[in-house]
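One structure is given here, and the rest of the page talks about it.
The values are calculated or read from the model by the stated rules, or taken from the named source; none is laboratory data. Given the structure is predicted, the values throughout are model-derived calculations rather than measurements. FYI the Cβ positions are ideal-geometry reconstructions off the backbone, even for glycines, and counts take in every protein chain you see. Side chains included, ligands, DNA and RNA excluded: accessible areas come from the protein's heavy atoms. Shrake-Rupley method; radii C 1.70, N 1.55, O 1.52, S 1.80 Å.
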Amino acid sequence: MKKAFAATVFLLVVLFALGLHFNATKEREKVRRVPEPYRQIQGSVRDGDTLFAIFKRYKLEPKELFQIKDSSAGIHDLGKLSAGRPYRLTIDDDNQINAFVYEIDDDTLLNVFRSESGFYTEKVPIDYEKCVHHIGGIIRDNLLASIGEDRESALLAMEVSDIFSWDIDFTTDIQNGDTFRIIAEGLYLDGEFKRYGRILAVEFINGGTSYHAYRFEGGGAAGYYDAHGRSVKKAFLKAPLSFKRISSYFSKRRFHPILKTHRPHHGVDYAASHGTPVSATGDGAVTYAGRRGAYGNLVILKHSNGYRTYYGHLSRIAKGIKKGARVNQGQLVGYVGKTGLATGPHLHYEMRAGGRYVNPLSLKQPYGKAVPEERVQEFMDIAGKLNQILASIPVSNHPAHVRRASLAEKGM
Ligand SMILES: [Zn+2]
């Protein structure tokens, strides 16, 4: 009996010691585990990718996928991922997700963290480091090719052509040898260039004429103003569509390809693919939308400055474009076609003032709205500084010369 008792005590002592040892090992394990780096998976959403496909690819726990989706409900729909968008998964060595970060768009991150009580999701703006970039170049072929062919340069080229869209038609007006100088924000993350931010100033010299645009917050929304502080926005856009070429100019006497006779052509014909979107060149109201003889499907807009614009041969008139409807500059009115008297798909664009025909290509437009008087000095100071920078940007040959200049000044 005594022996049995002693044996039991011994066994208990041994078990206790073992237990201590076991606990100590576990303790050490825990300590050792913490500093061990988590595994990181970084990637970009592939075409047609779903979160489920990503989880499967990296052999992650589907249960956690549902928890992440649940925690994101109402914040961001993870059922739809955008192709090309980067994501990052942080995973511990039990193959459990610690964090999931997904770039929703250029400005917003979705952060999903593991917390005590499951996953926690938040949407945060991307905190870019801003630098100023100086970009200078000479046109060869077109603006896009001259700035650079990568995605970020292409977006910058589009923005520049948007800024000058009232003055310069980048499909027909630009010539080899034209020069451009751009001051734009460069946005960086962890020291790596991500994309361009706002354009602060642009100079474009087109066929010897120089155009300037300076960004300024002149009474409300920010906009671009010329060297005299007048908005670059004008009553009419240079062209109602992006086209391949002008197939017929405004003329008092031209040979008609179908009628085989000489008659005036009171508009401009823009050759473009069937279905190319056509937009209103100015703010106005629809006075006609429908079939009209040789015009085919026609939209007529009446503008407050007394002008009317005509858009003919449309394959289709856009939804909502009906007599009396208001349209904004740039708004879709229809699509290029060859209805009416037309040999191939093109837009017949016509402009009238009172009873007169006007050649849209030689229209001298009144200047846009000016910077409010009390802020003219402020604008001139900013434009003056930007001019000094512009003047210092070299216009190198192909491709554009890009220089990361400085940290962006706050508020510029
Ligand atoms: Zn025509």
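Structure data summary
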read-out	value
Amide H within-cut-off set for His133, under 5 Å, with H built and near neighbours excluded	Ala184, Glu185, Gly186, Ala405
Cα-based radius of gyration of the chain once divided by 2.2 N^0.38 Å, which approximates compact folds	1.47
Translational diffusion coefficient (Stokes-Einstein; Kirkwood radius from C-alpha pairs) of the stretch 194-320 at 10 °C, 1.306 mPa s, in µm²/s	89 µm²/s
Local electrostatic count, Gly284, Cβ distance below 13 Å [Lys/Arg +1, Asp/Glu -1]	+4
Computed accessible area, Phe119, all protein chains, 1.4 angstrom probe, square angstrom	30 Å²
Acute angle (nearest 10 degrees) that the helix 2-33 long axis makes with the longest principal axis of the chain, alpha-carbon atoms	20 degrees
Residues of the stretch 245-362: accessible area per residue with a 1.4 Å probe, Å²	49 Å²
Accessible surface of the stretch 39-125 [probe 1.4 Å, protein heavy atoms]: carbon and sulfur percent	48 percent
Net +/- balance of residues flanking Arg326 in space, Cβ distance below 12 Å, scoring K and R +1, D and E -1	+2
Computed accessible area, Lys123, all protein chains, 1.4 angstrom probe, square angstrom	110 Å²
Inter-part distance where the stretch 38-71 and the stretch 323-354 are each reduced to a Cα centre, Å	48 Å
Highest-MSF residue in the chain out of Gly208, Gly148, Gly137 [GNM, Cα springs under 10 Å]	Gly208
Pairs of Lys in the stretch 245-362 closer than 20 Å at Cα, counting only those 8 or more apart or on different chains	6
Most mobile of Ser396, Ser146, Ser362 in a GNM of the chain (Cα contacts under 10 Å)	Ser362
Projected area averaged over orientations for the stretch 245-362, convex hull of C-alpha atoms, nm²	6.7 nm²
Table column - 3J(HN,Hα) (Hz), the stretch 221-234, Karplus curve with 6.51, -1.76, 1.60, x for Gly and Pro	5, 6, x, 10, 10, 7, 4, 9, x, 9, 4, 6, 6, 10
Summed side-chain charge close to Ile41 - residues other than Ile41 whose Cβ falls under 11 Å, Lys, Arg +1, Asp, Glu -1	+4
Average projected area [Cα convex hull, the stretch 39-125], square nanometres	5.3 nm²
Å² per residue, accessible surface of the stretch 43-134 at 1.4 Å	54 Å²
DSSP loop GluC sites (Glu not before Pro) with at most 15 other Cβ within 10 Å excluded, longest remaining stretch of the chain	218-408
Those aspartates and glutamates that a straight Cα-Cα span of less than 17 Å connects to Lys130, excepting residues fewer than 8 apart in one chain	Asp106, Asp107, Glu152, Glu185, Asp190, Glu192, Glu409
Nonlocal amide H pairs with Ser242, under 5 Å, H built at 1.01 Å	none
GNM result for the chain, Cα springs below 10 Å: residue of Val286, Val112, Val132 fluctuating most strongly	Val112
Heavy-atom accessible surface of the stretch 245-362: percent carbon and sulfur, 1.4 Å	51 percent
